[in-house]
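J.: Got a structure for you, written out below as structure tokens; questions coming shortly.
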Amino acid sequence: MSPQSAPATPRHAPPSLGFNLAGIAALALLLAVGAAYLIDELGRTSRVPTPSLDDRNPIVQTISGRELTIPTAWFRYGEQIRDGFTNQIDLTVMFAPDGATALTVQVMLLPRSRARTSSTLLDAVYLHQFGDKTLAGIPGLVGKPLGAAAGYDGEHVWYDPLSANPFVAKCMAPISPGAPEQCVRTVYLPSGIAAVYAFDAIALQSWRQFDDQMQLWLEKIGAW
């Protein structure tokens, strides 16, 4: 048989090319889905109303053996809006001190065994990290920077030095330039649930009202 009459060998793309094209298509699909999800989430965030003590439409969740009835508008994350048992609840509430603009407070509810109170950490940890410098600016509270050598660079603690069960909050420098300092305060509620509050440092100016106002929100849902 002459070379001209030999049957032509079918030309196939290299196997790796097919896999690469499939991989690129899958990646493009994932990116498209991710972009759509992000746009949807941004839209949801822009439409989220301010939480109110008058909110209705509650669901029932149980944490640490305690049944809580929580308005859906208070949930920070939509995926947590479901009835049943849970070991963590993330909420958004408002702190409105007298004569001041209302501020957002993020509240994380946890079993007591998963958290240590800020007042406990003051005695067990923070006091051993204080230097000689004292911060000013919050009437009624003492401010002390924490030691950078112990991993607390840029962090400081404000506490009430006159109370047996003091108000204590640890604050840290903002990540983004121009953003407010963020503070964290952890307490045990009378119900036995632990509450971790995260809020802008400006709220410290009205620290004496803070726990009383948080009680209003948490009593409504049965967490106090």
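The values are calculated or read from the model by the stated rules, or taken from the named source; none is laboratory data. Small disclaimer: the values here were computed from a predicted structure and weren't measured. Ideal geometry is used to build each Cβ from the backbone, glycine not excepted, and the neighbour counts take in all protein chains shown. Note: accessible area is taken over every heavy atom of the protein model, side chains too, but ligands, DNA and RNA are not part of it. Shrake-Rupley method; radii C 1.70, N 1.55, O 1.52, S 1.80 Å.
J.: Projected onto the charge dipole of the stretch 42-165 (+1 at Lys/Arg Cβ, -1 at Asp/Glu Cβ, origin at the Cα centre), which of Phe95, Pro51, Gly140 gives the Cα projection farthest towards the positive end?
T.: Highest projection toward the positive end goes to Pro51.
J.: Restricting to DSSP loop positions (anything but H, G, I, E, B) with no more than 16 other Cβ atoms inside 10 Å of their own Cβ, which trypsin sites (Lys or Arg not before Pro) remain in the stretch 82-129?
T.: Here the trypsin sites (Lys or Arg not before Pro) that fit, given the DSSP loop and packing criteria, are Arg82, Arg116.
J.: Mind listing which GluC sites (Glu not before Pro) in the stretch 145-224 are in a DSSP loop and have 16 or fewer other Cβ atoms within 10 Å?
T.: Those that pass, being in a loop and sparsely packed, are Glu181.
J.: For Lys133, Lys170, Lys144, Lys220, give the ranking by accessible area with the largest first, probe 1.4 Å.
T.: Working: Lys133 130, Lys170 45, Lys144 25, Lys220 80 Å².
Correct descending sequence by accessible area is Lys133, Lys220, Lys170, Lys144.
J.: In Å², what does the accessible area per residue of the stretch 105-224 work out to with a 1.4 Å probe?
T.: 49
J.: Can you pull the percent of the stretch 154-193's accessible area that's carbon plus sulfur, 1.4 Å probe, other chains left in place?
T.: 58
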